[in-house]
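Structure, as structure tokens:
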Amino acid sequence: MQSYTLVITVLFLLLAQLAVKLVTKDTIQKKLWAQYVRFSPSSQLKTYQAKAAEIAHVVKEKNAISPQDHYARWTKLNRQFDKLTKEKAELESELATRQAQFAKYVSYAITASITAPLWFFRYQYRKQVFFYIERGVFPAWIDWCLALPFMATGCVGLTIWSAVVKAVLGQIEVMVRFMLSEEVQKPVKVAKVEEVK
Amino acid sequence: MSDLDFALEPTLESVVLHDSLKWVFVGGKGGVGKTTTSCSVAIQLAMAHPAEEFLLISTDPAHNLSDAFNQKFGKDAKKVDGLANLSCMEIDPESGMADMALQAQSQFNNDPNDPLGGMFKDMTGSIPGIDEALSFMEVLKHIKTQTAAPGAIADVAAITYKTIIFDTAPTGHTLRFLQLPSTLEKLLGKVQTLSNKFAPMLSMLGGGAAQQQQTQEMLAKLTEIQSQVTEANNQFQNPELTTFVPVCIAEFLSLYETERLIQELISYNMDVTSIVVNQLLFADSTEDECKRCVARWAMQKKYLSQMDELYEDYHLVKMPLLGKEVRGLANLKKFSKYLLTPYDPVVNGGLVFDLEDAK
């Protein structure tokens, strides 16, 4: 593979890795599971969704009437609500195992599409030179360090380059998180209260 | 078309005349008239079966049975003055705990100067649910007596009661108490499995023959308790043997609590077929001059009609609010009559101001 193709591919993979870190794997798994539940042909999931919809309907009906004025109807709705909630909880525990399995597959997919290629490239193109450093720009020992692990001194390979890019992206992440975080109010000096004698 | 054809009669006849009932629990939120109702049920049962013995047990430390009958009762069953086949018992959890603590301590350490002396009592006294456990121990004792073959009872003084009526605690711990049998069953089962697994190892660790014998005795005792607990569990879930009578008043919160209670009882497979609605005013505007009574009766009627719709599969017994507290055997007899024949305000209205003063 051409060096510039590899550089751009690895850059995108590293950006994807950062994106997964920011969004968190958990969120991705949950969102994908929600979509799967919506479009899946599985009957168990359809039953679960129907139950959830029924519960929402019963709650809406219950909140629309006064328990004191329509006690019998309210209590019957309450009984229905308890029964449906119990059934939903049972379905949920069955689905929890399925969800855990689904989350595992999502995790495998993320690893296969981002982490695995990175490792593969690092191994496959470990001797490919990406950049050359002009002699004299840095001291000799820095040139030697930048050439690790397999390069001749003065060359920069994929390992060092991706490590540097990762560090830069890490700093960008810190800045973005800081900018998106809540502003801390400046502490106000409390006026001294005079004692009433 | 009338649903009255399908409505169940509004009396407790199904409880009082039910021949095979052994356990009757009366429960509900505080202040609804549980004790009055439990005393009334006990009296009607005793009067319907004069040749049989009945026992009314209360675990409320406020000695409500003594107040209800104007007679002192204690932790030993004592007959009610005027009703020879009804006995009452008030289990005081605190003194029961003290007895148990003394007994346990005497087994372990007889030294009166032992600084750890009071520790056992302090420890066990603060266990939540201990009062339920104690009343349950009492239940187990009676199960032992009642299920033993005639002639096999070692204690000659032990009486076999036809039915035992429980005036349950007002704090809502009743449900925990009813859960005890199944909880204990599981607990004891686990202890049994564990002890079977570790018995060879423990015997290897030594301790001599005396220690081993003590362990064996303890295990035998546990097995005995376990079989009694299983029996209690089976009896409480058998509708021919056990029933629960919730008591409530015609107000929203009481009804809501009663509904929750009934749903929980259903989940424990406990039979509930009757509900007592107490403290009803029966103040129709044409006959009653008290505007407040008429207004409150209107509110009560609203809830009563809702209850008729909600509990059409239950016997809904409607009891009146009287002019005085229902205390003493004579007054309780007058009041309890209406558990079996529905109260009619027109015909029976005289009862409201007819109660005798306490002597």
Three-way shape label, chain A, alpha-carbon gyration tensor, a/c 1.5: oblate
Cα long-axis angle, helix A:158-180 against chain A (0 to 90 degrees, to the nearest 10): 40 degrees
Student exercise, the stretch A:11-167 dipole from Lys, Arg, Asp, Glu Cβ charges, in Debye to nearest 20: 280 debye
Cα centroid of the stretch A:78-96 to Cα centroid of the stretch B:15-34, whole Å: 32 Å
Ranking of B:Arg296, B:Arg260 by count of other Cβ atoms within 10 Å, fewest first: B:Arg260, B:Arg296
Partners for B:Lys221 among lysines (Cα-Cα distance below 19 Å; same-chain residues under 8 apart left out): B:Lys141, B:Lys144, B:Lys186, B:Lys190, B:Lys197
Estimated D of the stretch B:269-359 in µm² per second, where Rh is the Kirkwood radius over Cα pairs and Stokes-Einstein applies at 37 °C, 0.692 mPa s: 227 µm²/s
P(r) tail fraction, the stretch A:23-125 - alpha-carbon pairs more than 16 Å apart, %: 69 percent
Proximal lysines to B:Lys318, defined as alpha-carbon separation beneath 19 angstrom and excluding residues fewer than eight positions away on the same chain: B:Lys29, B:Lys34, B:Lys301, B:Lys302, B:Lys333, B:Lys334, B:Lys337
Convex hull per residue volume in Å³, alpha carbons only, for the stretch A:126-181: 90 Å³
Net charge dipole size for the stretch A:126-181 [Lys, Arg +1 and Asp, Glu -1 on Cβ; Debye, nearest 20]: 160 debye
0 to 90° range, to nearest 10: angle between helix A:43-64 axis and chain A longest Cα axis: 50 degrees
Those GluC sites (Glu not before Pro) in the stretch B:243-291 that DSSP places in a loop and that have at most 12 other beta carbons within 10 Å: B:Glu287, B:Glu289
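Here, each number is a calculation from the coordinates, and none is a lab measurement. A quick note: this is a predicted structure, and the numbers were derived from the prediction, not measured. Glycine also receives a Cβ, built like all others from the backbone with ideal geometry; neighbour counts cover every protein chain displayed.
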